[in-house]
Amino acid sequence: MATAGVLFCGLRSGMGAGIGAVTMASWVPNVKAAMDPRRSIAQALSATIASSGIDAAAKQYRELKAAVPGTYKFNEAELNSFGLHADPRK
């Protein structure tokens with residue numbers, strides 16, 4: 001009976017640690033993204049598309065990426081999000 005109790009407590013502790021690890025793994029990237037001081041390239045390009053068109057936005061993207069790469073978020077997730085929201089077929 002004591003063996004079953006030890007086994008149960010061990011499994012329960014292991015499962016709790018696993019749940020904690022999974023929770024942290026999904027939560028930490030969101031906190032990190034929220035604390036990123038860089039501006040959204042998607043917002044800048046959306047405003048340019050609205051006022052000047054897609055060609056001007058493409059030019060602005062290349063210029064900003066070359067001139068001030070640390071000021072804007074140029075990561076894949078940012079650009080994918082922009083592409084999904086800027087899709088003209090919607």
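The values are calculated or read from the model by the stated rules, or taken from the named source; none is laboratory data. All of these numbers come straight from a predicted model, not from anything done at the bench. Cβ sites come from the backbone with ideal geometry, for glycine too, and all protein chains shown count toward neighbours.
What to note about this one:
- Within segment 61-82, the set of residues being surrounded by 10 or more Cβ atoms within 10 Å (Cβ to Cβ) and either in a loop (DSSP other than H, G, I, E, B) or touching an Asp or Glu at 6+ places or on another chain (Cβ under 7 Å) (or both) comprises 68, 69, 71, 73, 74, 75.
- Checking every residue in segment 23-38 against the condition of being at pLDDT 80 or above and either in a loop (DSSP other than H, G, I, E, B) or small (Gly, Ala, Ser) (or both) gives at least one match.
- Considering the conditions (1) at pLDDT below 65; (2) touching a strand residue (DSSP E or B) at 6+ places or on another chain (Cβ under 9 Å), residue 64 is excluded by exactly one of them, (1).
- Residue 20 exposed (fewer than 13 other Cβ atoms within 10 Å of the Cβ) and at pLDDT below 85: yes
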